[in-house]
Amino acid sequence: MRLFGREKTIPAPERRGAPRVRVDCLATLVMPSGNVAGRLFDISDVGARLSMENPPGMGCGAILEWPWGEAFCHITWVKPGMCGVTFDRPLLARVLNETIESAPAGPRLVHSGQRESTQGTASPGSADIPPRLFC
């Protein structure tokens with residue numbers, strides 16, 4: 001044991017059963033209390049993340065509908081503006097692949113931090129710097 005040595009950290013175990021793939025398409029949670037519209041943010045064969053204004057409460061049952069499929073699901077977590085669902089049964093590979101191929105999310109836009117200098121004027125050549133795409 002070293003006096004000021006760092007201890008090795010043990011990585012947290014992965015809670016997700018399958019890796020999710022980023023997608024972007026319209027989706028609806030159909031529930032007895034009313035439908036909630038939003039966007040499918042990412043998906044796997046066992047669950048998905050949705051972005052929406054007012055996500056339903058945790059534990060609610062619903063049918064998730066999107067242009068290439070539908071699935072019975074339960075809300076497993078909720079954060080402001082988004083929620084995660086777990087499907088009652090794994091999605092068919094055909095439905096999952098069709099969704100991934102038909103609704104790609106594309107790269108995210110990241111703005112360069114070198115647009116303006118500290119004096120409030122544009123730095124030389126900053127007008128020529130295009131925004132970077134982050135994949």
Cα centroid of the stretch 45-92 to Cα centroid of the stretch 26-44, whole Å: 6 Å
Using θ = phi - 60° and Karplus 6.51 cos²θ - 1.76 cosθ + 1.60, couplings along the stretch 51-66 (whole Hz; Gly, Pro as x): 10, 7, 5, 10, x, x, x, 5, x, 5, x, 7, 10, 8, 10, 9
Nonlocal amide H pairs with S44, under 5 Å, H built at 1.01 Å: V21
Simple spin-label estimate for N35 and K79 in nanometres, 7 Å along Cα-Cβ: 2.8 nm
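Every number in this text was worked out from the coordinates using simple rules, so none of it is lab data. Predicted, not measured: the structure shown is a model, and the values here were computed from it. Here Cβ is always computed from backbone atoms with ideal geometry, including for glycine, and neighbour counts include all displayed protein chains.
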